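Asks: One structure, pasted below without further comment.
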Amino acid sequence: MLLSRNYPPSPELEPYIARHYVFEAELPQDLMLTDRLLSETAFVRILIRGNWQAEIAPGYWAGAGPVVFFGPNEFPLPVRVKGPFTVIGFAIHPGGWRSLFDRSARDYADQMIPLSAAWGNIAERLWNETKDETDDTCLVTAMERAISAQLAWIGLRAPDTQMNDFAAIARSDSTIRIDDAAAKIGLSVRQLERRCLATFGLSPKAVLRRSRFLDMATAMRGFSSPSEEELAALRYFDQSHLNREFKRFAGMTPRAFERTQTPLFTAGLNLRNQAFARPAADFRLKDGMPR
């Protein structure tokens, strides 16, 4: 069984952090689980248990230590883990980027690096506080303590609320025109382009394109109602457009996606679906491998 639990950040960290999560799986020791990740935001993931690797170049798999920073994904990232695993982490709001990092998000897009390369000794302290912990409350507290320490180190820069507003627009209306989205948040198209690259790591067009795909994938995995599924289907011009987007973001056709088990990707969709919900969410995947 795979079990994913996720929690909202504290009110003080809500402008910076989208969600915390704990993901556990009691799998056979010799089972290799291979999947893809496609994240709308940058993530910090603490690999407490399990042998994790990512395909960082064609045919080349490697890890980045136990406390890993994943930049935002423009393309799917193949990952694999062997045996039972426990991973915890948090998703970073685009609007919180400049408060937590001193380089552009564009520099980290589609990258996987040790968190220590960006956060220094805070990453080591985070590992020491979580590696032997099993209580969710203590794990979330340790993550929030590390986030607060990094905010203080950077200098408590104000979050970019306009970029958080654009993130909400991308989630609610992924077919919006770029100039309309810019006008809604009080920016010119050029300003939106520059700020998106700095905080999302992608252009506004790429952000909306990825969000549209994730909307459809969410519907196909059953995290939305039939009416929302119908709406998601209408967001593509025709079947060839839908096929092209699925091959880009999932590496397969929609029909193949429906038949393929994607437990890690599916857990990510659930986390995305819960990112703006306040209560804790408990997501259980039973009866063999989840879809």
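The values are calculated or read from the model by the stated rules, or taken from the named source; none is laboratory data. If you're wondering where the values come from, they're calculated on a predicted model, not measured in any experiment. So basically every Cβ, Gly included, is an ideal-geometry build from the backbone, and we count neighbours across all protein chains shown.
Asks: If the Cβ limit is 8 Å and pairs must be 6+ apart or interchain, which residue in the stretch 179-204 that is without any contact (Cβ under 8 Å) to a residue 24 or more places away in the chain pairs with which residue that is surrounded by fewer than 14 Cβ atoms within 10 Å (Cβ to Cβ)?
Replies: What qualifies is Ala182/Ser188; Ala182/Gln191; Val189/Asp179.
Asks: Restricting to the stretch 216-248, and then to whatever is at pLDDT below 80 and among the acidic types (Asp, Glu), can you tell me which residue is surrounded by the most Cβ atoms within 10 Å (Cβ to Cβ)? Walk me through it before giving the result.
Replies: The first filter runs over the stretch 216-248 and keeps only residues at pLDDT below 80, leaving 222-239.
If we keep only those that are among the acidic types (Asp, Glu) too, we end up with 228-230, 238.
Working: Glu228: 13, Glu229: 17, Glu230: 11, Asp238: 8.
Among those residues, the one meeting the criterion is Glu229.
Asks: Determine, yes or no, whether Ser148 is without any contact (Cβ under 8 Å) to a residue 12 or more places away in the chain and touching a helix residue (DSSP H, G or I) at 6+ places or on another chain (Cβ under 9 Å). So that I can check it myself, show each step before the final result.
Replies: On the way: without any contact (Cβ under 8 Å) to a residue 12 or more places away in the chain: no; touching a helix residue (DSSP H, G or I) at 6+ places or on another chain (Cβ under 9 Å): yes.
When the stated conditions are applied, Ser148 does not pass them.
Asks: Scan the stretch 38-53 residue by residue and report those that are under 19 Å from Pro84 (Cβ atoms) and either in contact with a Leu (Cβ under 6 Å, 6 or more places away or on another chain) or of a type in the set (A, V, I, L, M, F, W, C) (or both). Spell out how you get there, then give the answer.
Replies: Of the residues in the stretch 38-53, the ones under 19 Å from Pro84 (Cβ atoms) are 45-53.
If the condition is that a residue be under 19 Å from Pro84 (Cβ atoms) and either in contact with a Leu (Cβ under 6 Å, 6 or more places away or on another chain) or of a type in the set (A, V, I, L, M, F, W, C) (or both), then Ile46, Leu47, Ile48, Trp52 are the ones that fit.
Asks: Let me ask something additional. Out of all the residues in the stretch 99-110, is one or more at pLDDT 95 or above, surrounded by 20 or more Cβ atoms within 10 Å (Cβ to Cβ), hydroxyl-bearing (Ser, Thr, Tyr) and more than 17 Å from Ala64 (Cβ to Cβ)?
Replies: Within the stretch 99-110 (the criterion being at pLDDT 95 or above, surrounded by 20 or more Cβ atoms within 10 Å (Cβ to Cβ), hydroxyl-bearing (Ser, Thr, Tyr) and more than 17 Å from Ala64 (Cβ to Cβ)), the answer is yes, since at least one residue qualifies.
Asks: Sticking with this one: Out of (1) within 26 Å of Leu214 (Cα to Cα); (2) at pLDDT 95 or above, what's the single condition that is false for Arg145?
Replies: (1)
Asks: Do we find a residue being closer than 26 Å to Gly71 by Cα, modelled with pLDDT of 90 or more, in contact with a Leu (Cβ under 9 Å, 6 or more places away or on another chain) and in a helix (DSSP H, G or I) anywhere in the stretch 198-208?
Replies: The initial filter retains those residues of the stretch 198-208 that are closer than 26 Å to Gly71 by Cα, namely 198-208.
If we keep only those that are modelled with pLDDT of 90 or more as well, we get 198-208.
Okay, now just the ones that are also in contact with a Leu (Cβ under 9 Å, 6 or more places away or on another chain), so 203-204.
Adding the requirement that they be in a helix (DSSP H, G or I) leaves 204.
There is at least one residue in the stretch 198-208 that is closer than 26 Å to Gly71 by Cα, modelled with pLDDT of 90 or more, in contact with a Leu (Cβ under 9 Å, 6 or more places away or on another chain) and in a helix (DSSP H, G or I).
Asks: Can you find, within the stretch 34-65, the residue that is farthest from Arg171 (Cα to Cα) among those that are touching a helix residue (DSSP H, G or I) at 6+ places or on another chain (Cβ under 7 Å), buried (at least 20 other Cβ atoms within 10 Å of the Cβ) and among the hydrophobic types (A, V, I, L, M, F, W, C)?
Replies: Ile48
Asks: Kindly indicate the residue of the stretch 250-291 that is at pLDDT 85 or above, surrounded by 18 or more Cβ atoms within 10 Å (Cβ to Cβ) and out of contact with any strand residue (DSSP E or B) (no Cβ under 9 Å at 6 or more places or on another chain) and also nearest to Phe43 (Cα to Cα) among those meeting that condition.
Replies: That would be Phe257.
Asks: Here's a follow-up. Could you run through the stretch 54-86 and say how many residues are of a type in the set (S, T, N, Q) and under 21 Å from Glu40 (Cα atoms)?
Replies: First pass over the stretch 54-86, keeping only residues of a type in the set (S, T, N, Q): 73, 86.
Applying the additional criterion that residues be under 21 Å from Glu40 (Cα atoms) yields 73.
Qualifying residue count, the stretch 54-86: 1.
Asks: List the pairs whose first member sits in the stretch 156-176 and is within 20 Å of Leu271 (Cα to Cα), whose second member is surrounded by fewer than 20 Cβ atoms within 10 Å (Cβ to Cβ) and aromatic (Phe, Trp, Tyr), and whose Cβ atoms are under 8 Å apart, counting only residues at least 6 apart or on separate chains?
Replies: Going by the 8 Å Cβ cut-off, the qualifying pairs are Ala168/Phe276; Arg171/Phe276.
Asks: Out of the residues in the stretch 130-145 that are in contact with a helix residue (DSSP H, G or I) (Cβ under 8 Å, 6 or more places away or on another chain) and within 18 Å of Phe85 (Cα to Cα), which is surrounded by the fewest Cβ atoms within 10 Å (Cβ to Cβ)?
Replies: Taking the candidates together, the pick is Glu133.
Asks: I need the helices (runs of 4 or more DSSP H) fully contained in the stretch 122-193, keeping only those with at least 1 residues that are under 14 Å from Gly96 (Cβ atoms) and either of a type in the set (D, E, K, R) or out of contact with any Ser or Thr (no Cβ under 7 Å at 6 or more places or on another chain) (or both). Lay out the reasoning, then the answer.
Replies: Working: elements: 136-154, 161-172, 178-184.
It comes to 136-154, 161-172.
Asks: For Arg190, state whether it is surrounded by fewer than 17 Cβ atoms within 10 Å (Cβ to Cβ) and either in contact with a helix residue (DSSP H, G or I) (Cβ under 7 Å, 6 or more places away or on another chain) or at negative phi (or both). Break it down into steps so the answer makes sense when it comes.
Replies: Working: surrounded by fewer than 17 Cβ atoms within 10 Å (Cβ to Cβ): yes; either in contact with a helix residue (DSSP H, G or I) (Cβ under 7 Å, 6 or more places away or on another chain) or at negative phi (or both): yes.
It is true that Arg190 is surrounded by fewer than 17 Cβ atoms within 10 Å (Cβ to Cβ) and either in contact with a helix residue (DSSP H, G or I) (Cβ under 7 Å, 6 or more places away or on another chain) or at negative phi (or both).
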